[in-house]
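Read through the structure below, which is laid out as structure tokens, and then see the notes.
The values are calculated or read from the model by the stated rules, or taken from the named source; none is laboratory data. Fair warning: this is a prediction, and the values are worked out from it, not measured in the lab. For neighbour counting, all protein chains shown are included, and Cβ atoms are generated from backbone atoms with ideal geometry for every residue, glycine included. Surface accessibility is based on the protein's heavy atoms, side chains included, excluding ligands, DNA and RNA. Shrake-Rupley method; radii C 1.70, N 1.55, O 1.52, S 1.80 Å.
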Number of protein chains: 2
Amino acid sequence: MANGQDMNDFRTRRATVKDVARLAGVSPGTVSNALSGARAVDRETRQRVEAAVAELGYVPNLAARHFRTGLSNTLAVMTSMPPAVSAGSSKLGFLMEVAASAAISALEHNATLVLVPPIADPETALRNVVMDGAILIEPAQSDPFLDLLTRRGVPVVVIGQPPRDDLPWIDMHYRQTADLLIGHLLQQPTRCMPLLIGASARASHAEAEAVYLERMAATGLPCHVIRIPEAAGEEGARQAMHALIRELPDLDAVFASVDAFATGVMCALREAGRAVPQQVRVATRYDGLRAREERPALTATNLHLDAVAGLAIDRLMDLLAGRPAPLRVEGPLPVLVPRGSSA
Amino acid sequence: MANGQDMNDFRTRRATVKDVARLAGVSPGTVSNALSGARAVDRETRQRVEAAVAELGYVPNLAARHFRTGLSNTLAVMTSMPPAVSAGSSKLGFLMEVAASAAISALEHNATLVLVPPIADPETALRNVVMDGAILIEPAQSDPFLDLLTRRGVPVVVIGQPPRDDLPWIDMHYRQTADLLIGHLLQQPTRCMPLLIGASARASHAEAEAVYLERMAATGLPCHVIRIPEAAGEEGARQAMHALIRELPDLDAVFASVDAFATGVMCALREAGRAVPQQVRVATRYDGLRAREERPALTATNLHLDAVAGLAIDRLMDLLAGRPAPLRVEGPLPVLVPRGSSA
DNA sequence: AGAGTTGAGTAAAACGATTTAATGAGCGAG
DNA sequence: CTCGCTCATTAAATCGTTTTACTCAACTCT
């Protein structure tokens, strides 16, 4: 203030470790050690350093530290699912629910979370994202984000199930989830129940299909697996559902494993004048905004994403610290949330 | 896979600009210029450099670049509102809706968004967050985040209305929003309509109160302004509402400007056996998950947070680039979303 | 022809922290 | 007394990029 060195510019030049060292009468190395505790420093010296830090208002230059140590204390969360299914109408959804919890977990580990928006081109999305490690949500069999991260040597923890067997992951129990929902729908007499899954090769779709085929075989019901490109989202499911209604006049239940597909299904059923749940019962996997806001609300499962996100961050920190840990971490079990769409 | 060079260790040592320079037969400085375009480089030379980059799989070290240039291409979004009101039941809400849109807008500007979780201690939350600039959501009169950012010289854009008049901000039209909602409630005959706002000194609360007092004065209705600590959240509002029901037997409408307060109000009304909307009408400001999921759903306003977030990011990039721009940016006008709670 | 300008490139400095290797003091054991 | 050891400290190296200050050659104008 007193010295008129720069009016328009912010920051009058921030104090560096050198300034602190000079004021405290020690060397820069000692300042570093005093503040980080990496090496022993005399009590009295440390106090002098701390006083100097306070006097100068010294704030370490994180960029320099990051550069030198190679550690940014930053974690990223991302998914290769297109926004049509990962985000949703009001931009919330699976991804953001994970991100919110992950941000808090990250903070508890002294790390920051960056949000990588779900766009088509991972190269662009990651171009200038600095990160020590990444959380990848439900990767596909050949996942562009995963490829890029691997190429760059970024440690990754997968939420869901990884396409390779050398990656740490949080088991979200795809089988149990699908079984829970399909079993629930089958509790009432059923003539015909098609399955709608994403067209991309993701474990969540594959497991849902496997369980579906098993249960249909066991009950002697016909199998109708409809694959919808994820990017087509709600509208894609709506059109597919209209086709299904024409082809399968006696369908009386639908399992749409992706919530955006489920709302598309509901839309088509409304348009076709089929009453839910009286004529057709519907269930989906993720109990998010879409499922709850639909009328009637959609039967779904509570995936405990907050807990899953926390586990993923914990596991990632273990990985970064080199602490031994099992490759597969058991996530919480899904809990059925029955709602109007299947009652 | 084929070469067994490193089993346990990631990264065999990444190529640097030096390696690229050697392979291309130029100096490091030329490589930098060729890639960034900062200075003219002969077409043929540039091609050699690009070939070397491709061959070595060179990826610039962002930490070094950040260190050297002082630019991290990272923006942060944060709020001093406690999680009880900013996040909510399933961790989603205002903050995350802004964050999601901001992340995408940031990407369009070649920047990354970091999510600062809403915890009490800003010092801790920001300790190792690297950022060129910040988006601050609805700061309080004396805002700890704002103080810290100012002290560190971080450029800030405020969403809502800043407590100081030297900060760029996006006008969310607090007055109009409050007017819209209160006016809507008053369209039906009203005997007594208390106002519930947050106890902290935020412009959003203050404006809601000002409009409320004006409208009450104009219609000759009694004024009852209840201030609830934000951290008390839904439960605090529930208790306050129970007290109100006792004190004001003829209350027939409530304007709870914070959505968490509104759901607390609904809870209390249910417990007291007051039918909504028949006996008491309720409205809140933000049309988020809470408002939509409540039964009956809450009348609220669409604040167009995605657009607001985009404007904030745009404005922040202007600020960082030193481009001239007005201090106040007009956000989209709120739109009333009438729902069951006031019909 | 000489002065000035432009284009393309290079060598070296700079950024600010952490870490390594070296130094010296103090102390106990032989 | 000296060797070996610990403790506290320092000087200097280091990380990889961008940028500054130069150099040199090739042109353009008078």
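Summary of values
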item	result
Nearest-10 value in Å² for the accessible area of B:E207, using the 1.4 Å probe	40 Å²
Label distances, nm, A:E50 versus same residue in remaining copies, Cβ-directed 7 Å point	5.6
Label geometry 7 Å along the beta-carbon vector: B:R13 inter-copy distances in nm	3.7
Charge dipole magnitude, Cβ of K and R +1, D and E -1 - the range B:110-175, Cα centre, debye nearest 20	80 debye
Sites B:R270 and B:A307, calculated FRET efficiency, Cβ-Cβ separation with R0 25 Å, nearest 0.05	0.15
Amide H within-cut-off set for A:Y286, under 5 Å, with H built and near neighbours excluded	A:D259, A:T301
Proximal charge balance of A:A210 [Cβ under 11 Å; K/R count +1, D/E count -1]	-2
Evaluated at q = 0.15 Å⁻¹: base-10 log I(q)/I(0), Debye formula over Cα of the range A:62-149	-0.58
Label point distance in nm, B:L71-A:L221, each placed 7 Å from Cα along Cα→Cβ	5.8 nm
Integer Hz, Karplus 6.51/-1.76/1.60 couplings in order for the range A:69-86, x for Gly and Pro	8, x, 10, 9, 6, 10, 10, 10, 10, 7, 8, 8, 5, x, x, 4, 10, 7
Rounded to the nearest 20 debye, dipole of the range A:17-60 from Cβ charges on Lys, Arg, Asp, Glu	120 debye
Label-to-label distance, nm, for residues given as A:D166 and A:A321 (7 Å Cα→Cβ offset)	2.5 nm
Peptide A:73-80 - average C-beta neighbours from other chains (10 Å radius)	2
The range B:198-246 versus the range B:52-78: alpha-carbon centroid distance in Å	48 Å
Net +/- balance of residues flanking B:A38 in space, Cβ distance below 15 Å, scoring K and R +1, D and E -1	+3
Gaussian network model of chain B, Cα within-10 Å springs - most flexible of B:L195, B:L146, B:L56	B:L56
Gyration tensor over alpha-carbon atoms, the range B:17-60, equivalent ellipsoid semi-axes in Å	14, 10, 9
Nm distances between copies for B:A231, ranked from closest, using label points 7 Å along Cα→Cβ	4.8
Structure-based [θ]222 nm, chain B - -39500 (n - 2.57) summed over DSSP H runs of at least 4, per residue, nearest 500	-13500 deg cm²/dmol
Global geometry of the range A:183-282, whether rounded, prolate or oblate, following the gyration tensor of its Cα atoms and the 1.5 cut on a/c	oblate
Convex hull (Cα only) mean projected area of the range A:261-327, reported in nm² to one decimal	5.8 nm²
The range B:303-317 - phi-based ³J(HN,Hα) in whole Hz, Karplus 6.51/-1.76/1.60, Gly and Pro as x	8, 6, 4, 5, 5, 4, 4, x, 4, 5, 5, 4, 5, 5, 5
Positive dipole terminus of the range B:103-218, leading residue within B:L126, B:G198, B:H173 (C-beta point charges)	B:G198
Tensor-based shape of chain A (alpha-carbon gyration tensor, a/c under 1.5 rounded, otherwise prolate or oblate)	prolate
Listed residues A:D250, A:D42, A:D132, most fluctuating in chain A (Gaussian network, C-alpha, under 10 Å)	A:D42
Highest-MSF residue in chain A out of A:A64, A:A291, A:A99 [GNM, Cα springs under 10 Å]	A:A64
Cα-Cα pairs of the range B:12-91 separated by more than 19 Å (percent)	51 percent
B:R202 long-range amide H proximity, modeled H, under 5 Å	B:Q141
Estimated vicinal HN-Hα couplings, Hz - the range A:126-143 in sequence order (Karplus 6.51, -1.76, 1.60; Gly, Pro = x)	9, 3, 10, 9, 8, 7, 7, x, 9, 9, 10, 8, 6, x, 8, 4, 10, 9
Under-5 Å amide H pairs with A:V254, H placed in peptide plane, nonlocal only	A:R281, A:V282, A:A283
Size of the protein assembly as shown as Cα extents on the principal axes (Å, biggest first)	73, 70, 53
Electrostatic dipole magnitude of chain B [Cβ: Lys, Arg +1; Asp, Glu -1; Cα centre; debye, to 20]	600 debye
Sum of side-chain charges, B:Q279 neighbourhood, beta-carbon under 14 Å (Lys, Arg +1; Asp, Glu -1)	+1
